[in-house]
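The values are calculated or read from the model by the stated rules, or taken from the named source; none is laboratory data. What you see is a predicted model; the values in this text were computed from it and never measured. Ideal geometry is used to build each Cβ from the backbone, glycine not excepted, and the neighbour counts take in all protein chains shown.
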Amino acid sequence: MERLFAFQNRSDTLQLYGCHFGLKPAGWSYDKHHHHLYELFCCMDGSAVQEMQGGSVPLAPGDWFLLRPGVSHTLANAGTGPLAFFNFHFDLDDLEVRGRLGAAPFRLIPGSHASDSGLPGCVAGLESLLGQQLIGDRDSALPDSGPRSQAIPLGLHQQLAFQSAILAILGEVIRLLEEIPQPEGNHGLTASAYALDIAHAAEKRLTADGSETPSVSAIAAEMGISRSQLCRIFVHVYGLSPRQYLTRRKWSKAKELLAISNLNVYTVSEQLGFRSVHHFSRQFRRWTGLTPSQYRKQEQEGAGG
């Protein structure tokens, strides 16, 4: 008798920007800004405060802070000594993961929870890739001159270890967020029941099976609200505009079909509603940096096929 236990096929893409360890002096602050990506911040030593509309969140050593795209915020060193931290900005095209990470505009993972998870080990592993311990340098004099940022070159195996550590961090964050009760109110940033109903109803219409996807204006008219109001609510709940949301779904479906089906590129582009295979190929290359054929070959080689 033969048996085969297989994992689910995956074709997700991780975007990662601004991943760094930092050391900032007392009095340092970063003016109000927002990102089009998720931000994950870990206070390693010292104390910090994240300020958003309607309130602020103090951060102690070991605390982790997740911020949804589009939320304006400021960050400051709230202590009298240096602030040591680790943070990165990221996005994933897995809509289920995005839904869990973006359920609220921000989430706090207290150090008391994070310390018993795999997060400290992941950060220690990333520090070892840099070849130095940031916290160990916290008492060193901070230079007034010289480069403020230094890029660390990594070898191929180190790059894979780096990506593996980031994915492990995200996995631990999602697990911890499911265990930690979401605070009531979230400083006035959470979506109302009305907004959630509107966004979920719009998402259902946008993704319903049919020969043609209805326009955002048509969906808004069905709901008795303006197009701009619907888009504003949708972004507040999902962290993406309706158009961006559909693009992500189309992107994920394209990668899935190329990875696990035998459909040719023309048929894939036709199923996804592109006006031509050339248009599909050009868009796919913009999404992934590869042509559809190159992506399929890469996935087949990775699967041992």
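In the set Ser281, Ser241, Ser276, which member is under 18 Å from Val216 (Cα atoms) and among the hydroxyl-bearing types (Ser, Thr, Tyr)?
Step by step, each of Ser281, Ser241, Ser276 is checked, and only Ser241 is under 18 Å from Val216 (Cα atoms) and among the hydroxyl-bearing types (Ser, Thr, Tyr).
Condition first: surrounded by fewer than 20 Cβ atoms within 10 Å (Cβ to Cβ) and hydrophobic (A, V, I, L, M, F, W, C). Now tell me which residues in the stretch 228-250 satisfy that.
Cys231, Val235, Leu246
Look through the stretch 259-289, keep the residues that are within 27 Å of the chain's Cα centre (by Cα), more than 20 Å from Gln244 (Cβ to Cβ) and modelled with pLDDT under 90, and return whichever of them is surrounded by the fewest Cβ atoms within 10 Å (Cβ to Cβ).
If we take residues in the stretch 259-289 being within 27 Å of the chain's Cα centre (by Cα), more than 20 Å from Gln244 (Cβ to Cβ) and modelled with pLDDT under 90, then Ile260 is surrounded by the fewest Cβ atoms within 10 Å (Cβ to Cβ).
Exactly one condition in (1) modelled with pLDDT of 85 or more; (2) loosely packed, with under 14 Cβ neighbours inside 10 Å; (3) part of a loop (DSSP other than H, G, I, E, B); (4) of a type in the set (A, V, I, L, M, F, W, C) is false for Ala208; which is it?
With (1) modelled with pLDDT of 85 or more; (2) loosely packed, with under 14 Cβ neighbours inside 10 Å; (3) part of a loop (DSSP other than H, G, I, E, B); (4) of a type in the set (A, V, I, L, M, F, W, C) applied to Ala208, the lone miss is (1).
Tally the residues that are touching a His at 6+ places or on another chain (Cβ under 9 Å) and hydrophobic (A, V, I, L, M, F, W, C), restricting the search to the stretch 57-74.
Selection size over the stretch 57-74: 4.
Can you name the residue in the stretch 290-305 that is in a helix (DSSP H, G or I) and under 13 Å from Trp251 (Cβ atoms) and is also modelled with the lowest pLDDT among such residues?
My answer is Tyr295.
Just give me the residues in the stretch 1-46 being touching a residue at least 40 places away in the same chain (Cβ under 8 Å) and aliphatic (A, V, I, L, M), in sequence order.
Leu14, Leu16, Leu23, Ala26, Leu37, Leu40, Met44
Please state which one of Pro147, Pro143, Pro69 is within 29 Å of Gly27 (Cα to Cα), modelled with pLDDT under 95, in contact with a strand residue (DSSP E or B) (Cβ under 8 Å, 6 or more places away or on another chain) and of a type outside the set (Lys, Arg).
Pro69 is the lone residue from the list that is within 29 Å of Gly27 (Cα to Cα), modelled with pLDDT under 95, in contact with a strand residue (DSSP E or B) (Cβ under 8 Å, 6 or more places away or on another chain) and of a type outside the set (Lys, Arg).
Residues being outside any loop (DSSP other than H, G, I, E, B) and touching a helix residue (DSSP H, G or I) at 6+ places or on another chain (Cβ under 7 Å): count how many of those fall in the stretch 212-228.
Adding up the residues that qualify gives 6.
Determine, yes or no, whether Lys250 is touching a Gly at 6+ places or on another chain (Cβ under 9 Å) and part of a helix (DSSP H, G or I).
Yes, satisfied.
Criterion first (under 17 Å from the mean Cα position of the chain (by Cα), not charged (D, E, K, R) and not in a helix (DSSP H, G or I)) does Leu240 satisfy it?
yes
Any chance you could count how many residues in the stretch 61-119 are over 30 Å from Lys250 (Cβ atoms), of a type in the set (A, V, I, L, M, F, W, C) and not in a loop (DSSP other than H, G, I, E, B)?
12
Gly102 is checked against (1) surrounded by 13 or more Cβ atoms within 10 Å (Cβ to Cβ); (2) modelled with pLDDT of 80 or more; (3) of a type outside the set (A, V, I, L, M) and fails just one. What number does that condition carry?
The one condition Gly102 does not meet is (2).
If the requirement is being touching a strand residue (DSSP E or B) at 6+ places or on another chain (Cβ under 9 Å) and loosely packed, with under 12 Cβ neighbours inside 10 Å, which of these qualifies: Asp93, Asp63, Asp31?
Asp31 is the lone residue from the list that is touching a strand residue (DSSP E or B) at 6+ places or on another chain (Cβ under 9 Å) and loosely packed, with under 12 Cβ neighbours inside 10 Å.
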